[in-house]
1. Working only within segment 57-81, note down all residues that are touching a Lys or Arg at 6+ places or on another chain (Cβ under 9 Å), in a helix (DSSP H, G or I) and either of a type outside the set (Phe, Trp, Tyr) or farther than 13 Å from Ala215 by Cβ (or both).
2. Which ranges mark the helices (runs of 4 or more DSSP H) fully within segment 328-435 that have 3 or more residues being under 30 Å from Val242 (Cα atoms) and touching a residue at least 40 places away in the same chain (Cβ under 8 Å)?
3. Going through segment 447-471 one residue at a time, which ones are of a type in the set (Lys, Arg) and either under 26 Å from Asp379 (Cβ atoms) or surrounded by 17 or more Cβ atoms within 10 Å (Cβ to Cβ) (or both)?
4. State all residues of segment 83-98 that are closer than 17 Å to Gly213 by Cβ and either among the hydrophobic types (A, V, I, L, M, F, W, C) or free of Cβ contacts under 8 Å to residues at least 60 places away in the same chain (or both); if no residue qualifies, say none.
5. Being among the aliphatic types (A, V, I, L, M) and either in contact with a helix residue (DSSP H, G or I) (Cβ under 8 Å, 6 or more places away or on another chain) or farther than 23 Å from Thr124 by Cβ (or both) is the filter here; which residues of segment 398-429 pass it?
6. Can you spot a residue in segment 147-156 that is assigned to a helix (DSSP H, G or I) and in contact with a Gly (Cβ under 6 Å, 6 or more places away or on another chain)?
7. Every residue in segment 463-481 that is in contact with a Ser or Thr (Cβ under 9 Å, 6 or more places away or on another chain) and either assigned to a loop (DSSP other than H, G, I, E, B) or free of Cβ contacts under 8 Å to residues at least 60 places away in the same chain (or both), please.
8. Name the single residue that is farthest from Phe212 (Cα to Cα) among those in segment 112-140 being over 22 Å from the mean Cα position of the chain (by Cα) and in a loop (DSSP other than H, G, I, E, B).
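The values are calculated or read from the model by the stated rules, or taken from the named source; none is laboratory data. All values reported here derive from a predicted model rather than from experimental measurement. So basically every Cβ, Gly included, is an ideal-geometry build from the backbone, and we count neighbours across all protein chains shown.
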Amino acid sequence: MSGVPSHSAGLTLHLGEHLPRLERRLGAWEAAGFAARLWGKDPTLWGLDPQATEIADRLGWLQLPETARRLAPEWSTFAAEIRAEGFHQVVLLGMGGSSLAPEVFQRTFGHTAGSPELIVLDSTHPEAVRAVERRLDLPRTLFLVASKSGTTVEPLALFRYFWHRACQEGRRFAAITDPGTPLEQMAAEHGFRRVLLAPSDVGGRYSALSDFGLAPAALIGLDLSKLIASSRAMAEACRPDVPAAQNPGLVLGAALGELARAGRDKLTFFTSPSLESIPDWIEQLVAESSGKDGRGIVPVAAEPEGFPEAYGPDRVFVWLGLEREAEPSLVEALARAGQPVLRLRLAGLEQLGGEFFRWEFATAAACAVLGVHPFNQPDVQLAKELARRAMQKGGVADSPEVLAADDIQRLRPALRELLEPASPPRYLALQAYLAPSRETTQTLNRIRGLLRDRLRVATTAGYGPRFLHSTGQLHKGGPDTGLFLQLVDEPAEDLEVPGSNYTFGQLLRAQADGDAAALRRRGRPLVRVNVGPDAAAGLRRLIELLAADPRR
């Protein structure tokens with residue numbers, strides 16, 4: 001491979017005609033001392049002013065493998081305390097970077113005997129809140145409120161609800177936040193049993209190896225020493241003195257960035273069952289970091305498998321699995337068909353710590369290829385502001401109309417107009433402001449498979465408001481190739497947020513309205529559908545309509 005190893009820390013590259021682009025990029029980075037400049041926190045790598053302090057203030061994740069080794073005893077002591085007091089469950093109230101890495105740990109490893117199960121609640125749909133509450137043995141549940149800013153609306157609303165349900169006992173609450181935030185102050189006022197303060201120079205989506213990721217991992221009984229050791233080994237492999245063509249973070253980052261520049265910007269994941277949760281974490285990291293200024297990489301996670309001919313020329317594929325696990329035959333078929341394929345194999349699950357670091361390093365590098373700032377999210381604030389206005393005024397003036405799923409006469413032409421331009425490099429994003437469930441996810445995937453096979457477009461799906469803290473930035477600030485189908489429902493029974501003048505249902509609908517208005521202001525094509533009080537029935541009606549091919 002002319003200076004680029006065919007195997008880099010478990011990564012095997014099949015790039016075909018795109019290989020020369022990768023070689024040129026790595027050669028240029030070697031000549032320019034790119035790795036040394038990244039470790040030196042040089043803002044000019046991303047086209048910013050040399051004095052831009054916001055870059056240095058967001059690169060603390062580079063030191064997290066070493067910081068984690070020092071803090072591990074504190075996290076382990078906290079975990080031992082929780083086990084000794086007989087807590088059976090830990091409910092993490094957080095969004096985005098505050099919740100995704102802990103969810104990966106729980107779904108990948110489970111919890112060890114004697115340690116509590118971790119339940120991540122990152123939905124404000126009243127049915128989702130009620131479903132989690134039904135699972136709990138409240139007197140033996142620890143609530144972990146996680147927010148970097150300490151002002152994130154969703155975890156604070158969820159805290160108010162469960163503070164009331166838990167009889168306002170501070171010993172049953174803990175927090176993870178940055179120093180000096182309103183959440184730190186609130187935790188002190190309410191007598192939380194513990195407040196973990198994370199490094200303030202680490203952005204949320206880069207915080208997997210900080211208190212936000214590893215403290216919950218300790219609570220469920222994971223061996224932190226192995227995770228941290230793998231992260232330290234990967235950080236060492238990415239050091240400045242490692243040639244660019246042998247640096248696993250730079251090789252991956254250069255491949256992602258150059259493929260995106262070549263029009264292969266739909267980063268499509270296949271995984272073995274043991275690693276199926278990882279793409280959700282990578283999705284936020286890549287989408288929110290790269291999706292701005294009209295550029296970006298579109299992660300495609302959990303899309304149903306199709307035939308090779310169903311995938312367009314805008315794709316790049318990543319296979320994630322353990323060394324002992326067989327990859328699906330589709331991966332090899334795609335490589336034979338000329339699609340770029342990256343195979344990433346882990347020797348064991350404990351290497352997840354290293355993969356967190358590799359993907360963070362690679363994402364920062366890929367953003368340098370694209371010429372975008374990897375550590376901000378300028379388009380997220382617009383949706384938040386519009387949602388706030390919707391809460392105050394009962395709606396947003398320029399929020400697009402919501403059509404009923406059974407209003408065929410109006411919905412059919414709206415869908416026809418939305419899907420008319422649907423061909424690569426377009427992609428379809430399903431935005432489901434619905435209660436997350438296995439059944440709903442399966443139905444959304446039926447829609448994805450149906451439209452992908454017919455139109456050859458990449459498809460994504462996310463639950464609101466969760467995706468607002470993940471792909472929401474990409475939807476508004478990334479490439480203008482998205483087609484958006486927003487789904488809302490009518491919860492049968494709402495829930496009050498104690499100490500406020502609103503309900504969870506009102507908060508969720510305001511966020512849907514604000515997001516829709518923000519997409520409209522950015523000129524993004526959007527259709528909104530109300531699936532009604534019976535979401536399953538409404539989704540079935542939508543599938544019937546789509547199956548009839550509304551483009552005709």
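1. If the condition is that a residue be touching a Lys or Arg at 6+ places or on another chain (Cβ under 9 Å), in a helix (DSSP H, G or I) and either of a type outside the set (Phe, Trp, Tyr) or farther than 13 Å from Ala215 by Cβ (or both), then Leu62, Pro65, Glu66, Ala68, Arg69, Glu81 are the ones that fit.
2. On the way: elements: 329-336, 352-370, 380-393, 408-419.
Result: 352-370.
3. Applying the first criterion (of a type in the set (Lys, Arg)) to segment 447-471 yields 448, 452, 454, 456, 466.
The answer is Arg448, Arg452, Arg456, Arg466.
4. The initial filter retains those residues of segment 83-98 that are closer than 17 Å to Gly213 by Cβ, namely 90-98.
Those that are closer than 17 Å to Gly213 by Cβ and either among the hydrophobic types (A, V, I, L, M, F, W, C) or free of Cβ contacts under 8 Å to residues at least 60 places away in the same chain (or both): Val90, Val91, Leu92, Leu93, Met95.
5. Result: Leu403, Ala404, Ala405, Ile408, Leu411, Ala414, Leu415, Leu418, Leu419, Ala422, Leu428, Ala429.
6. The first filter runs over segment 147-156 and keeps only residues assigned to a helix (DSSP H, G or I), leaving 153-156.
From the residues that got through so far, the ones that are in contact with a Gly (Cβ under 6 Å, 6 or more places away or on another chain) too are 155.
The answer is yes; a qualifying residue exists.
7. Passing the criteria: Gly464, Pro465, Phe467, Thr471, Gly478.
8. Filtering first and then ranking leaves Asp137.
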